[in-house]
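Contents: one structure, followed by commentary.
We did not get these values from a lab; they are worked out from the coordinates using the rules stated. Note that the coordinates shown come from a computational prediction; the quantities given were computed from them, not determined experimentally. Virtual Cβ from ideal backbone geometry, glycine too; neighbours counted across all protein chains shown.
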Amino acid sequence: MSNMMYVTPEQLMKDRAEFAQKGIARGRSLIVAMYDAGVLLVAENPSASLYKLSEIYDRIGFAAVGKYNEFDRLREAGIRWADSTGFTYSREDVDARALANYYAQYLGHTFTEGQKPLEVEVLVAQLGNNVRPTKIYRIAYEGTITDEPQFAVLGGDAEAIKNRFTVTVPESASLQDVLRGAVSAIAGPERSIPTSDLEVAILEDRGKRRTFVRLSDADVEALLA
């Protein structure tokens with residue numbers, strides 16, 4: 001009869017956390033930040049077919065780093081949750097805080113009970129209106145929710161990027177200023193990122209129900225010029 005190796009719960013959680021963090025750190029970074037008329041989502045993403053930024057609902061955007069197949073499942077699950085909630089109750093009942101709680105429960109359960117934790121970090125952004133404020137929620141791999149006051153950085157080297165972005169972009173800046181600051185912070189002082197390697201989207205009220213807009217390379221070049 002073989003003896004099973006015993007691992008303490010503390011060591012097991014530590015090993016799971018290190019595993020998830022390594023996978024997330026390999027991902028290219030992204031920034032989600034408020035500007036004077038909405039919310040900017042910008043990611044370094046050289047892939048032309050795999051999106052890291054997406055629309056979840058009328059005024060809600062999604063961003064993630066880590067393993068694409070894992071966070072894309074979360075994106076699809078969030079869309080289904082939002083559609084079901086809006087259909088069952090009303091569209092106004094779909095908000096980012098409830099969606100963040102939904103993601104947190106799933107990630108937390110997978111972290112503690114699953115065969116392996118998800119190697120992802122997720123961010124949910126909500127464009128405010130006369131009922132709800134503009135919000136940015138960050139959901140970590142183990143299910144922790146952080147209410148980010150002005151901006152959030154996900155992915156590898158997040159702390160250094162956060163520091164660079166903080167010193168270059170004032171609060172309530174224009175879209176152009178925030179985009180320039182975000183791209184500069186992600187790139188760092190020793191390199192530049194071509195427009196083709198950027199994925200950029202905004203949440204902005206344009207008098208329509210849906211507020212998510214994906215910017216083209218030409219739009220991004222004009223803003224960065």
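A few notes on this one:
- If R0 is 30 Å, the Cβ-Cβ spacing of Arg80 and Glu190 corresponds to a FRET efficiency of close to 0.10.
- Net length available on complete extension from Glu221 to Glu113 is 34.3 nm, with 0.36 nm assigned per residue and the Cα-Cα distance removed.
- Label-to-label distance, Arg97 versus Phe19, with points set 7 angstrom from Cα along the beta-carbon direction: 3.4 nm.
- Reach of Lys208 by Cα under 27 Å, taken over lysines that are not fewer than 8 positions away in the same chain: Lys52, Lys135
- Centroid-to-centroid separation of the stretch 160-225 and the stretch 103-148 [C-alpha atoms, Å]: 22
- Options [x] 86, 35, 29; [y] 56, 33, 29; [z] 70, 50, 31 - which one matches Cα extents along the principal axes in Å as calculated here: [z]
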